[in-house]
Amino acid sequence: MEKVLNDLMIAVKDSINQNNFVKLTFSKPKDKRSDLKNVYVKMIIIKENNWLSFTYKHSTKDIVKNFTVEDALLQLTELLTTSFFAANLLTTEMDYALLANEKGSSKLIKRAVEKRAIPERGHDHSKTRLINPANAWWFSLGIADRQGNVLPSMQFKFKQINKYVEILDGLIKQIEFQGTVKVVDMGAGKAYLTFALYEYLSVNRKQDVHITGVEQRPDLVEKTNQIAQNSKLTNLQFVEGRIGDLAVNQMDVLIALHACDTATDDAIAAGIKAGARLIVCAPCCHKQIRQSMQPPANVLPMLKFGILMERQAEMLTDTIRALIMEKHGYKSQIMEFIELEHTPKNVLITGIKTTKKIDIEEIDQKIESLKKQFGIKKHYLETVLG
Ligand SMILES: C[S@@+](CC[C@H](N)C(=O)[O-])C[C@H]1O[C@@H](n2cnc3c(N)ncnc32)[C@H](O)[C@@H]1O
């Protein structure tokens, strides 16, 4: 038994490392009167780590327990030693059947099978995703394999992409667009989120849409244009340019996600000037306010810690951004976003253009009071808006 158990454990471990684990089941209870009838095991990914989820099937209830791979292997040994005579491991390419009996003999039968698909690795509580990784562009963007399975190293990114689309879904549903929706995504970068928005609007919502991604790096512009063209996404294009230099006369949606420091302000200003109905931005760094901030003496003990000073600058910068957007007729909101791997920033500022009467004086007072309290002369967004 020891040798076959060991061989099965190696097969389980390899299938997890190679991401071709499909399922593992335990059957044939050693004690026929046992309440535990079977155990089903699936692989799940939680926060980028592989886990094995065991469902213990009792006669009247199911109990689910998740184990790290190491603990799962201990569990496997325990179940085969004490509770079950049989275990079947299915991978995308092989079947392994461990069979033991009362007399103590055991064997492991291996059989090659026709290639199976990798199952969904989501946690049971995960929601249905709005983005379909089987769409060709996700392979070209390096998010999924050719079969449409999200690569293990891209699971977190894919979650972020979906979270973004979920938020946009909630916002876009509040707006009635007329005709083609013109979107400008400033600082598009590798454009995962730009393609995601295109897919959501054009494929899911069947909306006429034209998306322009603006990016200062020519290599990224060339690459993302190539992917859009190869994927026949005719209304998605990328242009090389600097956010602050770009004059856009008309747009319905302005997106700026993780563009550096005041590039976010340049983008918001462009959106406001072009009359965008929706503004969505995820600020990146907040140097402009941090460098010009002179906090009041009574909060200095708190701000002597660099990280808190940084957070204070972030709160001020983004609160004033939201207030300036309100002043220009936007119902603004600041909410939690999912952080990127290259920045711990996880804030999203959104604004939906309304026709509600605005008390500009009151908003100005709020802005001035905040600035005065923290010794700030000018917020860059005010400067660009003139
Ligand atoms: C951190 S990446 C974010 C990419 C993408 N928006 C996302 O959130 O996944 C920021 C991108 O913005 C670009 N960028 C920063 N400042 C810019 C500016 N002033 N004009 C154009 N692109 C800019 C950078 O080159 C980079 O590709």
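A short reminder: the numbers here are calculations on the coordinates, not readings from a lab. Everything quoted here is computed from the prediction, not taken from an experiment. Note: ideal-geometry Cβ built from the backbone for every residue, glycine included; neighbour counts use all protein chains shown.
The Rg/Rh ratio of region 136-385, with Rg taken over Cα atoms and Rh as the Kirkwood radius over Cα pairs, comes to 0.99.
For Val181, the amide hydrogen comes within under 5 Å of the amide hydrogens of Asp208, Val209, His210, counting only partners 5 or more places away or on other chains and with H modelled in the peptide plane. Model label points for Asn346 and Asn66, set 7 angstrom from Cα along the Cα-to-Cβ axis, are 1.5 nm apart. To the nearest 0.05, how large is the calculated FRET efficiency for Ser27 and Asn132 if R₀ is 35 Å and r is the Cβ-Cβ distance? Efficiency, from the Cβ-Cβ distance: 0.50.
Report, in whole Å, the centroid distance computed from the Cα atoms of region 251-325 and region 25-45. Here the two parts' Cα centres lie 54 Å apart. Which FRET efficiency value, to the nearest 0.05, is calculated for Leu74 and Leu99 with the Förster distance at 22 angstrom and r the Cβ-Cβ distance? Step by step, r from the Cβ atoms, then E = 0.55.
The phi torsions of region 134-150, fed into the Karplus equation with coefficients 6.51, -1.76 and 1.60 and a -60° offset, translate into couplings of 7, 5, 3, 5, 6, 6, 4, 7, x, 9, 10, 8, 5, 7, x, 8, 5 Hz, rounded to whole numbers, with Gly and Pro shown as x. Say each of Arg146 and Val113 gets a label point 7 Å from the Cα, pointing the same way as Cα to Cβ; how far apart are those two points in nm? If labels sit at Arg146 and Val113, their model points lie 2.2 nm apart.
Fully extending the segment from Leu36 to Ser153, taken as 0.36 nm per residue of separation minus the present Cα-Cα distance, adds 38.5 nm.
Per DSSP helix of 4 or more residues, -39500 (n - 2.57); summed, then divided by the residues of the chain. What does that give at 222 nm, rounded to the nearest 500?
Numbers: 12 runs with 136 residues, N = 386.
For the chain, the value works out to -11000 deg cm²/dmol.
Quick check: the angle from helix 155-172's long axis to the longest principal axis of the chain, C-alpha only, nearest 10 degrees? Compared with the principal axis, the helix lies near 50 degrees. For region 327-386 and region 180-245, what is the separation of their C-alpha centers, rounded to whole Å? Centre-to-centre (Cα) distance: 26 Å.
For Arg217 and Lys372, compute 0.36 nm times the residue count separating them, minus their Cα-Cα distance, and round to one decimal in nm.
Working: separation 155, 0.36 × 155 = 55.80 nm, distance 3.78 nm.
Computed gain between Arg217 and Lys372 is 52.0 nm.
Computed over the Cα atoms of region 62-176, the ratio of the radius of gyration to the Kirkwood radius (Rg/Rh) comes to 1.13. Taking 7 Å steps out from each Cα toward its Cβ at Leu308 and Asn230 produces label points 5.1 nm apart.
Between amide H atoms placed 1.01 Å from N, distances below 5 Å from Ile376 occur with Gln294, all of them 5 or more places distant or on a separate chain. In order along region 79-92, the phi-based Karplus estimate (6.51 cos²θ - 1.76 cosθ + 1.60, θ = phi - 60°) of 3J(HN,Hα) comes to 5, 7, 7, 10, 10, 10, 8, 10, 9, 10, 10, 10, 10, 5 Hz; Gly and Pro are listed as x.
Computed from backbone phi with θ = phi - 60° and the Karplus coefficients 6.51, -1.76 and 1.60, the 3J(HN,Hα) list for region 95-109 is 10, 10, 10, 9, 10, 10, 9, 4, 6, x, 8, 8, 8, 10, 9 Hz; x is used for glycine and proline.
The residue among Leu303, Leu233, Val280 whose Cα reaches farthest toward the positive pole of the charge dipole of the chain, with charges on the beta-carbon of Lys, Arg, Asp and Glu, is Leu233.
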